[in-house]
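What follows is a short report on a single structure.
Read the figures in this text as sums done on the coordinates, not as results from a lab. Since this is a predicted model, take the numbers as computed values, not measurements. With ideal geometry, Cβ positions are generated from the backbone for all residues, glycine too; neighbour counts draw on all protein chains shown.
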Amino acid sequence: MTLELHRLSAGYGGMDVIHDIDLIVRPREIVSLVGANGAGKSTLLKTISGLTATRSGTMTFNGKRIEAAPTATRIHYGIVHVPEGRQIFTGLSVSENLELGAFIHRHHSDEADAQRAEVVIRFPVLRERLPDVAGNLSGGQQQMLAIGRGLMSRPKLLMLDEPSLGLAPRLVTEIFELIVSLRDQGLAILLSEQNAQLSLAIADRGYVIENGRVALTGSGQELLRSRDVADRYLGVGGRIESSSAQRKNEISRRLQDLMRI
Amino acid sequence: MTSILQIVVGGLLQGGVFAIAALGFSLVFRVTNVVNLSQGAFCVLGAMGMYYFQVNFGWPILPASIAAVVCATTFCLLVGAFTFVPAVSRLPSSSALVLTAGLLTFFTGITLVVWGNQPYALPPFSGEAPLVIGTIRIPSQGIWLAAISTAMILGLWLLLQKTTLGRALRACAENPAAARLMGIDLRAMILLSFGLAAMIGAIGGVLVAPVMSLQFDSGQFFTISGFIAVAIGGMGSFAGSIVGGILLGVAEQFAAYYVSSLFANTLALLLLLGVLVLRPAGLFPSGPQRRSDVRDEGRIHRAVVRLPARRGLAFAVILLGVLAVVPALPMPSGLLESLVISLILYIAVLGLDVLMGYAGQVSLGHAGFMAVGGYCAAILATSYGWPPFAAVVAAVILSVLCALLLALATGRLRGHYLALATLTFGLLIDSLAVGLVDLTGGPSGLVGVPAFEVAGFSFNTPMRMYYLTLALAAILVLGLEGGMRLGFGRALKAVRSDQLAAAALGVNVSRVKIAALCIAAALASLSGSLYAFSFHFLSPEMVETTRSFEMIAMLVLGGEGTLIGGLFGSLALTLLPTLVQDLAVFKTAVEGALLVVIFLFMPEGIFGRLVIWLNKIPSHGTAIAYAKAKL
Amino acid sequence: MTVSALECRSVSKIFGGVLAVDDVSLTVPSGSVSALIGPNGAGKTTLFNVTTNLFAPTSGEVSFFGKNVAGLSSHHIAALGVIRTFQTARVFPGMTTIENILSGAHLHVRTSVASQMLWSRTARQEERCLTEKADALLDMIGLGHARDVAATDLPIGAQKLVEVVRALMAKPKLLLLDEPAAGLNDRETAELAVFLRAICDAGTSIIVVEHNMSLVMDVADLVFVLDAGRLIASGAPQDIQRDPKVIEAYLSRPEGQIA
């Protein structure tokens, strides 16, 4: 399986949020998307899963064009999206959440059962809490449930949006180990993370997204060592040069006048 | 003792009917977060279908009832697929609420066209003989009703809790975006819930047809009772729907027995208002509420409808000029009277525009303020001999006081709860107008209202009334435009779209909302009293809740948030049926359909569309501005 | 001795059993630009929301310019001269850009509704005055051409700028900006930095919640670092950059633990 995006644009309302994205995810590969908040990483994932409509460009999965396909079809093909903020069904039980993950395979209940057994083995913590209301799980457990629910759809490509959000460092490590092991078992992973350092460290390849465009791409290690990425995340400062200092004073004077009105 | 038990039985029977309607509300609300006001119409369609197959075709009960339910459900599914489903995915839930009011009107109108306005009654399923236990008599149809509704509730519960489909429905109710990521087709689920609600309603209709005489507009009764039941019980909770329905039924029966049947409604509404104020979430708040941190980005887009100052002025002058010379033109008889009515209603719609179009607060009880104003002024002028002008002023003051009281009581209510509280208010006033016979003349109305006069000049001809209302409307538009284009209007619009952001800029959100409500109440009151003075008569049905829905239709059709728009809406909806008398029977259906279609496909309304066209005509100044904006 | 713009004393906020803000005490001097940074989910926005009383703190006290905010609603806080913006751009839909900016002047509209409705001379004069000011501000951020366009049709970056300028119309003493640089490109971010410094020089204190470290390094006098709801460091930007605790929590995590 290979996911390929070519000059893909998408957005909400009157505007495009992502522009001309070229991106490829190959089998058994972790691809990391890094970039600031609001850069368009989540929108990109939503566009791939079909929550956001494609405006222009093409998207193929295993050679099949999918940019116009509904979400359900994409899940059938094996593209599964675990959204930001987990978005589990907090009022439903843990086991109902898992069963909803297998919604598109509802006509093959024995396969779904087998898949569920597998997921529960992978997340022993969920087994103990199957009848509980999902909203009562801790943050880490909820994230496990969200990923487990995604696995229930039997993905070939698993897209994870900010899986480390709001988790304690120890849990973050656990999640990232899990991601690596899923890759090793044959899944392709598309990972969107604020935590660039960590996600590039486990990535085979990475894309830096900036203002809805691919600003930089390369292997995970290349990007980690790249000066640009370091600047972006570590911050260099000192960009207010003398010319801007003058502009600043001018604006400040005008502001002072205006504030008197 | 016996009589009390007998009343309870009556109440349970009545409550069962309410509970069925409430169940439909809850189901749709849980999945879509929209209160579907067309719920009551499903009952009527089911009952009318039953009549058709049983009486017209002479089919036996079982096949006739199955055919009736299937036909009604199919019809509602078809309509729902093209209206409700796109509305839920595209519109904010308050607009979707108004759209369902349009659907209710549409279904009512269709029933009127097909079955006329006479009442229908059907024979009970198993004979007239009641079941007698001791001294208590239980109508045989009541047993059917109880048995079948219990079965329905059980079936619904099993469907939701025990099946994959039910889990999918609950998932949509809780988190639509995540449900889509599971491969669940959201639109299909919305349609499914709508269809199920239609089926429940139709079954309910078939069951009650033998115990209640139904006519084309009974849908409103079911919607309102079912809604009251569900609001008392707790929106979205099935147990709450049933308890709420039965509580309401029993309360109404007791009220009818011990007080007066004219006040049964009033008491029910007071009960509801009490619950809404004390426990806005109802007696059984439903478990998981939809996450409010998930923002639906596609839904908040709203176009700017505005003419540049110079064109706006030119437009206003031309419009006023045309309206001023219209009475001088030759026209068919009765048209001038219709024009007067349009202008009078336009004054009320102006107020509604401030409240709904600018401040974004949906009011489903606007006619209630018309009634308060109309009755107060008419009573003062007729029974107490007040000069009409003073009576109008007093009426306006009373309406504003009512508005303040309502605002105080509903201060904590937001979103659709406010819409529902205003609906309750409108119904309450409605039932008072019917019930307080000594004061209002009851259902037959208040007669002998004098003509309006100021300083000895009597507006006793349609021509005089026309110029009076035209002048008033012009002055009001001018004044409101002054407020709307400056700070006050901006505060209203800020509150309309984003209360949090508005408050962060120092806008006192509740005060602004109350101000808008008071303006709306004052204008509605003025309109109501002019209405009474112009007709020399006022009856409850002139200012009932249907009128509230009609005024919303006028506003939406003309264009919200434009002040002028309402005029086009009220002219269109008042004059069309007058001009085409033969088609009067279609009026209601067309009104409903227009409201729905405009909401979905032309949200800017007639005037909004006009403005967009006018803005496209390039003039020197705007062309440059346009070119600049394009850059 | 100047009064501090914002003071938090042992503020905690519990959300559904989770300690989102954990015993945070901090003081922001007036006349400065301060930045609140930390990894996603560290509680920055929650702290913002608690200080502006969007939700009351579970414990602790917040005061602006020495005035305790307990029990004040949002519009009262705005009236104290404390104006905030939101993480997602929140321009008002259905209003043009200039109307959006004018709506920021709500607190300074002196004429009554009645006088507006009567088209009184004072109301019209006031409007002219406010419009001139709004236009000047709009030109300052280079959006003069978009004056009569629906604000929601602007790109996200421009909407964020409109929000900042709208807040300025309220003549704030303290501006709280939640991720103003989200959605801006590098050049725009640099311009925003200049603009923020200018605002501060003109007499308005600023607190920003920000992810964009280069912006923080450019504009902040003082940086506060939150991690898992706790304040783990505060100080000048250069010191923060070198603080091992900050590097561990925010900028990276030890790579050895992975793979």
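Odds and ends about this structure:
- DSSP bridge pairs, chain C: antiparallel proportion in percent, nearest 5: 55
- Note on the stretch C:116-259: Kirkwood radius taken over Cα pairs, Stokes-Einstein applied at 20 °C and 1.002 mPa s, translational D equal to 121 µm² s⁻¹.
- Pairwise Cα inverse-distance average, inverted: Kirkwood Rh of chain B (Å): 25.5
- Plainly put, the protein assembly as shown has a radius of gyration that is 0.99 times its Kirkwood radius, both from alpha-carbon atoms, as the Rg/Rh ratio.
- Compactness of the stretch A:1-130, expressed as Rg and Dmax over alpha-carbon positions, Å: 16.6, 47
- Cα pair distances exceeding 31 angstrom across the stretch B:330-620, given as percent: 26
- Among B:559-572, B:345-358, the order from most to least packed when residues are scored by Cβ within 10 Å on average: B:345-358, B:559-572
- Helical contribution to [θ] at 222 nm, DSSP H n ≥ 4, -39,500 (n - 2.57), averaged over chain C, rounded to 500: -10000 deg cm²/dmol
- Normalised by the number of residues in chain B, the mean separation of alpha-carbon contacts (under 8 Å, six or more apart) gives a relative contact order of 20 percent.
- Across peptide C:143-156, the mean count of Cβ atoms from other chains lying within 10 Å of each residue's own Cβ comes to 5.
- Counting Cβ atoms of other protein chains within 10 Å of each residue's Cβ and taking the mean over peptide A:66-72 gives 3.
- Charge tally for A:Leu137 (other residues, Cβ to Cβ under 14 Å; Lys, Arg +1; Asp, Glu -1): +1.
- Inter-centroid distance (Cα atoms) of the stretch B:486-545 relative to the stretch C:98-159, Å: 24
- Only helices enter this figure: runs of n ≥ 4 DSSP H residues, each worth -39500 (n - 2.57), summed and divided by the residues of chain B, yield -23500 deg cm²/dmol at 222 nm to the nearest 500.
- Rel. contact order, % - alpha carbon contacts under 8 angstrom, at least six apart, chain A: 25
- The local environment of C:Lys44, defined by Cβ-Cβ distances under 11 Å, has a net charge of -4 under the rule Lys, Arg +1 and Asp, Glu -1.
- Principal-axis analysis of the Cα atoms of chain B puts helix B:366-383 at an angle of about 70° to the longest axis.
- Label point distance in nm, A:Asn136-C:Asn68, each placed 7 Å from Cα along Cα→Cβ: 3.8
- Under the combined filter of DSSP loop state and at most 12 neighbouring Cβ atoms within 10 Å, the stretch C:8-80 retains these chymotrypsin sites (Phe, Trp or Tyr not before Pro): C:Phe55.
- Cα-based shape type of the stretch A:49-198, given that a ≥ b ≥ c are square roots of the gyration tensor eigenvalues and the cut on a/c is 1.5: oblate
- Inter-chain Cβ neighbour count for C:80-92, averaged per residue, equals 4 (cutoff 10 Å, partner chain atoms only).
- Computed from label points 7 Å out along Cα-Cβ, the spacing between A:His76 and B:Ile143 is 5.1 nm.
- Using alpha-carbon coordinates, inclination of helix B:186-208 to the longest axis of chain B, degrees: 70
- Base-10 log of normalised Debye intensity for the stretch B:1-115 (one unit scatterer per alpha-carbon) at q = 0.11, 0.13, 0.21 Å⁻¹: -0.46, -0.62, -1.14
- The stretch B:227-241 versus the stretch C:163-180: alpha-carbon centroid distance in Å: 43
- Mean separation of Cα contacts under 8 Å (6+ apart) over length of the stretch C:95-153, as relative contact order %: 58
- Put in line by how crowded their Cβ is, counting other Cβ atoms within 10 Å and starting with the fewest, C:His75, A:His81 read C:His75, A:His81.
- Qualifying chymotrypsin sites (Phe, Trp or Tyr not before Pro) for the stretch B:1-103 [loop in DSSP, other Cβ within 10 Å: at most 14]: B:Phe57
- Convex hull (Cα only) mean projected area of the stretch C:1-148, reported in nm² to one decimal: 12.0
- Between 0 and 90°, nearest 10: helix B:565-579 axis offset from chain B longest Cα axis: 70
- Neighbour cut-off at most 12 other Cβ (10 Å), DSSP loop, trypsin sites (Lys or Arg not before Pro), the stretch C:3-46: none
- The alpha carbon centroids of the stretch B:26-91 and the stretch A:136-180 are separated by 44 Å.
- Using alpha carbons only: equivalent-ellipsoid semi-axes of the stretch C:95-153, gyration tensor based, whole Å: 23, 12, 9
- Restricting the calculation to Cα atoms, chain A shows an Rg/Rh of 1.06 when the hydrodynamic-style radius is the Kirkwood one.
- Chain lengthening between B:Asn460 and B:Ile397 when straightened (0.36 nm per residue, less Cα-Cα): 20.2 nm
- Partner lysines for A:Lys248 [C-alpha distance under 23 Å; skip if fewer than 8 residues away on the same chain]: C:Lys133, C:Lys160, C:Lys171, C:Lys173
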